[in-house]
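Asks: Input: one structure, supplied below.
The values are calculated or read from the model by the stated rules, or taken from the named source; none is laboratory data. What you see is a predicted model, and the numbers here were worked out from it, not measured in a lab. We place every Cβ from the backbone using ideal geometry, glycine too, and count neighbours over all the protein chains shown. Note: accessible area is taken over every heavy atom of the protein model, side chains too, but ligands, DNA and RNA are not part of it. Shrake-Rupley method; radii C 1.70, N 1.55, O 1.52, S 1.80 Å.
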Amino acid sequence: MNQTIHLIYFSPTGATRKTVTAIAQGLGTGKVLHHDLTRVREGIDLTLDEGIAVIGFPVYAGRVPELFLQRIERLQAAGMPVVIAAVYGNRAFEDALLEMADVCRAKGFSVSAAGAFIGEHSYATDSHPVALGRPDRDDLGRAVEFGTLASRAAADPSRREPQIPGAFPYKERPPLGGAAPDTDEGLCTLCGACAEICPTFVIEVGDAVRTNAAGCIKCCACTRVCPPGARTMNHPSVAERRQMLVDSCSRRKEPDFFL
Ligand SMILES: Cc1cc2nc3c(=O)[nH]c(=O)nc-3n(C[C@H](O)[C@H](O)[C@H](O)COP(=O)(O)O)c2cc1C
């Protein structure tokens, strides 16, 4: 279908961006507008009344990241269809899709479809692989297919909104802040790539790298982008979680569609 496609997303390590871009391919041939809210100081301030929106985000602790909810607080829609995509690290997506469907309805969207997709886990490393390299070719193919199905659902006014799994009250969010990646000063070249990618602007690079751990969301974008590999997430709480993920979440999961 030929219509404007609004991609609205948060994606610190890129899996969500790849997934929503593939969904857009399946949705049709219209103009694709990217509203990338990963690294913005102000949230989006927009009322959509034409085309179709895709809202994509990584699952954090079975929920929608709070920061993304803040950044879409002033997004509204006048009865527009929306397609929701949650990207999770091969553990579970729990209440995240339901939460976003509730948020979207309250904003004036009609929910046409929701999908849960898999992306490399933010805490994954080569020695502790969890969904490494995902979304891969198969995942992106499924995302295109999902976009096509969602486009058909959105065009059919007789369809009911999909049943979306999840529970209310949603899973409680664990407290954030206090844990952040470390910098190995022997390896660091002070290039500033970590500060440039951080979605919460908590890294400062001068004669050393300083991180305000209180504002870190543990997304690990800085560890992925660091050219000499000087940034690593070694906090004991994350190291423990990483081992649990390897032990319990190594079996490949596949995308789920709710249409
Ligand atoms: C703080 C935090 C919490 C996470 N919680 C979950 C979770 O509950 N379930 C899961 O499967 N993956 C979880 N993940 C992994 C991300 O959902 C996954 O890595 C996703 O692909 C990241 O998307 P992005 O590349 O677009 O940033 C979590 C990651 C972080 C940083």
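Asks: Hey, what's the stretch 1-145 come to in accessible area per residue, 1.4 Å probe, Å²? Let's see the in-between values first.
Replies: On the way: 5430 Å² over 145 residues.
Each residue of the stretch 1-145 exposes 37 Å² on average to a 1.4 Å probe.
Asks: Right, here's the next one. Past 26 Å, Cα to Cα: identify those pairs from 171/253; 107/253; 31/171; 31/107; 218/253, in the order given.
Replies: 107/253; 31/171
Asks: I would also like to ask the following. Testing the spin-label approximation: label points 7 Å from Cα along Cα→Cβ at residue 247 and residue 50. State their distance in nm.
Replies: 5.6
Asks: Here's something else I'd like to know. Distance between Cα centroids, the stretch 194-259 to the stretch 108-127: provide it in whole Å.
Replies: Their Cα centres are 16 Å away from one another.
Asks: At a 1.4 Å probe radius, carbon and sulfur cover how many percent of the accessible area of the stretch 182-234? Don't skip to the answer; put the middle values down first.
Replies: Values: 1280 of 2620 Å².
The nonpolar share, carbon plus sulfur, comes to 49 percent.
Asks: State, to one decimal in nm, how far the label point of residue 34 lies from the label point of residue 239, with both points 7 Å from Cα in the Cβ direction.
Replies: 3.6
Asks: Put one equal scatterer on each alpha carbon of the chain, apply the Debye formula with no solvent term, and list log10 I(q)/I(0) at q = 0.09, 0.11, 0.13, 0.16 1/Å to two decimals.
Replies: Listed by q, the Debye log ratios stand at -0.40, -0.59, -0.82, -1.19.
Asks: Let me ask you something else. Could you point to the residue in 230, 217, 197 farthest towards the positive end of the stretch 182-234's charge dipole, with +1 and -1 charges on the Cβ of Lys/Arg and Asp/Glu respectively?
Replies: Going by the Cα projections, it comes out as 217.
Asks: Same structure again: Cα axis of helix 137-155 to longest principal axis of the chain: angle in degrees, 0 to 90, nearest 10?
Replies: Helix 137-155 sits roughly 30 degrees off the main axis of the chain.
Asks: Report the Cys residues of the chain lacking a disulfide-compatible partner, meaning no second Cys Cβ under 4.7 Å from their Cβ.
Replies: When partners are defined as cysteine Cβ atoms under 4.7 Å apart, the chain leaves 104, 188, 191, 198, 216, 219, 220, 226, 249 without one.
Asks: Then there is this: What FRET efficiency, computed as 1/(1 + (r/R0)^6) with R0 = 30 Å and r the Cβ-Cβ distance, is obtained for residue 204 and residue 173, rounded to the nearest 0.05? Could you put the intermediate results ahead of the total?
Replies: Values: r = 27 Å, r/R0 = 0.89.
Once the sixth-power term is evaluated, E becomes 0.65.
Asks: Would you mind getting the Kirkwood hydrodynamic radius of the stretch 182-234 from its Cα pairs, rounded to one decimal in Å? Walk me through the numbers on the way to the answer.
Replies: Numbers: mean 1/r = 0.0925 Å⁻¹.
It is 10.8 Å.
Asks: Let me ask something else about it. For the stretch 126-214, what does the relative contact order come out to in percent, with C-alpha contacts under 8 Å and a separation of six or more? Mind dumping the intermediate values first?
Replies: Details: 33 pairs, mean separation 17.9, N = 89.
Reported relative contact order: 20 percent.
Asks: Then there is this: Where only protein heavy atoms count, and the probe is 1.4 Å, what is the accessible area per residue for the stretch 182-234 in Å²?
Replies: Values: 2620 Å² over 53 residues.
Accessible area per residue, the stretch 182-234: 50 Å².
Asks: Sticking with this one: Apply 1/(1 + (r/R0)^6) to the Cβ-Cβ distance of residue 4 and residue 152, taking R0 = 22 Å, and write down the FRET efficiency to the nearest 0.05.
Replies: According to the calculation, E is roughly 0.80.
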